Amino acid sequence: MDRLLPTEPSVMAPGAVHLPGWMDADLRVEFVTRCRAWGEASGGARHPRMRNGSSMSVAMVGLGWHWYPYRYSRTRDDGDGGRALAFPSWLGELSRRALVDAAVIDARVAADPEQFAPDVALINWYGPGATMGMHVDRDEVAPAPVVSFSVGATGVFRFGNPSGRGRPWVDMPLESGDVVVFGGPSRLAYHGVPRLAADTFDPAVGELLGRLNVTVRETGLTD
Ligand SMILES: O=C(O)CCC(=O)C(=O)O
């Protein structure tokens, strides 16, 4: 894929690293295939309902744990009640590799990248018009970083600071195959996706009219 956007890794904020084009075409295709299968096996992606009664425009599936505002459960408590699909060890290993690469760019992402032991993946599906508001990933009790994989349409990832939803922030366009890792001083930074870039898609993954994002985390929770 010809990139129109940054090609070099960069530090978005202390402990927050953008790795453009980290996933090759085969891996991107693999993600799409697996995410479709996980969606079907879990009874379809859900639009989590927020406390104010509105539903998220993003559709979600959890592996390892099921997430709904604002907690994790082993079962799909706001859906069909089924057990969350298993978290695959290959995804954990892949995420650890991405984290190790990110730590070369900015060592503040994690004290010891090799010790990263993720146990949950949240698959986000952004159909046309879907967005995600500024928020903090705070339902994990472990301080480990978040590793985020993007495939399909380009999403504008707004990465802010831990003090609040406002500026300073950077708007980083995430293209298909990009990885972002945030930890250390940025682990509790506000972030969101205010829009998808118009008319963007990844020809390598075929018909995918939207954006797939998979965040891999370590909850620190036990059953
Ligand atoms: O879609 C993205 O790039 C970010 C997703 C996100 O913020 C989250 O899952 O908490």
Taking r as the C-beta separation of SER54 and ALA25 and R0 as 45 Å, the FRET efficiency to the nearest 0.05 is 0.80
For the stretch 15-147, convex hull of alpha carbons as volume per residue, Å³ | 126 Å³
Could you give the length gained on full extension between ARG195 and TYR70, defined as 0.36 nm per residue of separation minus the Cα-Cα distance, in nm?
-> 42.7 nm
Exposure proxy order (Cβ contacts within 10 Å, fewest to most) of ILE105, ILE123 | ILE105, ILE123
With charges set only on the Cβ (+1 for Lys and Arg, -1 for Asp and Glu), what does the dipole of the chain come to about its Cα centre, in debye to the nearest 20?
-> 820 debye
With runs of 4+ DSSP H residues as the only contributors, calculate the mean residue ellipticity of the chain at 222 nm using -39,500 (n - 2.57) per run, divided by the residue total and rounded to the nearest 500.
-> -5000 deg cm²/dmol
Let a ≥ b ≥ c be the square roots of the eigenvalues of the Cα gyration tensor of the chain; is it rounded (a/c under 1.5), or, if not, prolate (a/b larger than b/c) or oblate?
-> rounded
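With a cut-off of 8 Å between alpha carbons and a minimum separation of six or more residues, what is the relative contact order of the chain in percent?
After rounding, I find 27 percent.
Bear in mind these aren't lab numbers, they're just calculated from the coordinates by the rules spelled out. Values in this document were obtained by computation on a predicted structure and should not be read as measured data. All Cβ positions, glycine included, derive from the backbone under ideal geometry; neighbour counts span all protein chains shown.
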